[in-house]
Amino acid sequence: MCLGVPGKVLTVDGSVATVDFFGVRRDVRLDIVDEPVEPGDYVMNHVGFAIRRIPPAEVKETLALYEQLLAAISSEDLLAADIRGEIAATREKK
Amino acid sequence: MNDAGRNAMQFRDPARAAQMASLLERLVGEIGREPVSVMHVCGSHEQAIARFGLRAIFPRALEVIMGPGCPVCVTDMPEVDEAVALAEDGIRIATYGDMLRVPGTARSLADAQAAGAKVDVVYSVTQAQQLAAKLDEELVFFASGFETTAVATAAVLLGSPPPNFSILSAHKYIPPVMEIVAEMPHTRVEGFLAAGHAATITGCAIFERFVERHRIPVVVAGFEPLDILAGLAKLLELVRDRRPEVANMYPRCVTREGNRRAQEVLWKVFRPVGGRWRGIAHVPNGNLRLRDEFARFDARRRFKIDVSRLWDYAPPSLAHSCICGDIMAGIASPSSCSLFGKQCEPDNPVGACMVSTEGTCRIWHQYGGQLDLRDKDERA
């Protein structure tokens, strides 16, 4: 629950961004992120809110853990389940 | 061993992991005492340590303890009782899945649900709010989580939630409980590994006063296996050099000041009050409650919650032997619990640490039951 999930911003509409999470498109809220966010940026998200714009130089390193965990087939993996939960916590695209 | 256990030793960079392991070994040797005990306060850290089998490569003399880092686990029974009482009074409750089976004094929300109460599982406060908007009845969101999650609850209340929506806050604030652990008479904790994403919000400067007061170093670390190993190495270095300092080993998400906007949102809506954390202690300023300006969204003020009828029942007898509190305080581990893996399992949990996917017992059970391979060696 503390892990959050990174995603790539596709479009920004006011305080809502459409974000790509490893192939899944969802809406997240931008109310509490403290930097302007633009399409192409990566953001760290927690329970449906972007909490941090990930510095571009750090994106690759940040994504690696998630890619590794999501590749795990085991449905029992708590970290992978947490990531899926974080994606589910965002909003269905309108 | 399950799949996760079998895959536990896969590192993205095994060579660097091996380097880090020998660095840890050297640092512990230079400290020259054993055990050297450090504590982390984050369920995701414990999941990563277990998932990647890190304890197998820690030096024998290094103890990495999970402290009170699972918000669901430290939700106190009377807080669960409030949610159960509301549900039994016919009020619809929405909450995170992990909260369902957390034992209250007599019953859990799952028990109430099985008896016909209206309890919905949601992944986020936003979903709870959306659910309320579709309904003609009151909906109470039973909110748990540390400051990272509380910010989301606060942001929703600052928007315009529907009038039938309210919050029963069990949100907790991590920095004060670190003080409690540091002041426990039998504490062996010589350093803290702080959770990366909570610090994303609060900033690592929040730990500076703690470090000054308790002379214990704090290192903020990320969640990659190598992030955790690097965080531990930095922590041991600070312990070795007797340098009580704050170090940020997760700069890609954490700054000194943190996320100012999120902090404003958090403190506009919540105020810290003292309260009990299950199994730990009364934690001054450890609970987050809604400020007076948001009283109309506060379930505690909107409803008359009568928990007294729940207290007529004796707690389940097994709970007397549950040592969740000692485990979260860092003075016991799941393997020293007589119930662990026997009477207490994920499908039939006795204590909160076995309920939540962020609880120490649940994590240890999931990843093979005995995570500290070094203990095994000693027994053999």
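The values are calculated or read from the model by the stated rules, or taken from the named source; none is laboratory data. The shown structure was predicted, so the numbers you read here are calculated from the model rather than taken from an experiment. Positions of Cβ are backbone-derived with ideal geometry, glycine not excepted, and every protein chain shown enters the neighbour counts.
Can you tell me which residue within the stretch A:56-68, out of those that are in contact (Cβ under 8 Å) with a residue 12 or more places away in the chain and under 14 Å from the mean Cα position of the chain (by Cα), is surrounded by the most Cβ atoms within 10 Å (Cβ to Cβ)?
That would be A:Tyr66.
Going through the stretch B:117-163 one residue at a time, which ones are aliphatic (A, V, I, L, M), within 14 Å of chain A (Cβ to nearest Cβ), over 23 Å from the mean Cα position of the chain (by Cα) and surrounded by 18 or more Cβ atoms within 10 Å (Cβ to Cβ)?
Correct list: B:Leu157 only.
Given the structure, is B:Ser166 away from chain A (no Cβ under 14 Å) and hydroxyl-bearing (Ser, Thr, Tyr)?
Criteria met by B:Ser166.
What's the total number of residues in the stretch B:172-201 that are crowded, with 20+ Cβ neighbours inside 10 Å, among the β-branched types (Val, Ile, Thr) and closer than 20 Å to B:Val72 by Cβ?
Here the count works out to 4.
Quick one: how many residues across the stretch A:1-39 are touching a strand residue (DSSP E or B) at 6+ places or on another chain (Cβ under 7 Å) and either part of a loop (DSSP other than H, G, I, E, B) or under 13 Å from A:Ile54 (Cβ atoms) (or both)?
Number of matching residues: 18.
Residues that are without any contact (Cβ under 8 Å) to a residue 60 or more places away in the chain: list the strands (runs of 3 or more DSSP E) wholly contained in the stretch B:116-191 that include at least 3 such residues.
Those strands (runs of 3 or more DSSP E) span B:119-121, B:139-145.
Select from the stretch B:234-254 the residues that are without any contact (Cβ under 8 Å) to a residue 24 or more places away in the chain and closer than 21 Å to B:Arg26 by Cβ and list them in ascending order.
Across the stretch B:234-254, the qualifying residues are B:Lys234, B:Asp241, B:Arg242.
Checking the conditions here, which among B:Arg92, B:Arg60 is farther than 27 Å from B:Cys344 by Cβ, touching a Lys or Arg at 6+ places or on another chain (Cβ under 8 Å) and assigned by TED's automatic domain parsing to the domain that holds B:Ile31?
Unique residue meeting the criteria: B:Arg60.
So, in the stretch B:247-296, of the ones that are charged (D, E, K, R) and within 14 Å of chain A (Cβ to nearest Cβ), which residue ends up nearest to B:Pro217 (Cα to Cα)?
The selected residue is B:Arg256.
Take the conditions surrounded by fewer than 19 Cβ atoms within 10 Å (Cβ to Cβ) and over 21 Å from B:Val265 (Cβ atoms) and apply them to B:Ser333. Does it pass?
The answer is no for B:Ser333.
Could you check A:Ile32 against (1) facing another protein chain (nearest Cβ under 10 Å); (2) closer than 25 Å to B:Asp13 by Cα; (3) among the β-branched types (Val, Ile, Thr) and say which number it fails?
Every condition holds for A:Ile32 apart from (2).
Yes/no per residue for (1) modelled with pLDDT of 95 or more; (2) charged (D, E, K, R); (3) under 16 Å from the mean Cα position of the chain (by Cα):
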site	(1), (2), (3)
B:Cys70	no, no, yes
B:Pro78	no, no, no
B:Glu82	yes, yes, no
B:Ala85	yes, no, no
B:Glu88	yes, yes, no
B:Ala94	yes, no, no
B:Thr105	no, no, no
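If a residue must be more than 8 Å from chain B (Cβ to nearest Cβ), modelled with pLDDT under 95 and in a loop (DSSP other than H, G, I, E, B), how many such residues does the stretch A:40-94 contain?
3
Answer yes or no as to whether A:Pro6 is without any contact (Cβ under 8 Å) to a residue 60 or more places away in the chain, within 26 Å of B:Pro225 (Cβ to Cβ) and not polar (S, T, N, Q).
Considered against the rule, which asks whether it is without any contact (Cβ under 8 Å) to a residue 60 or more places away in the chain, within 26 Å of B:Pro225 (Cβ to Cβ) and not polar (S, T, N, Q), A:Pro6 comes out as no.
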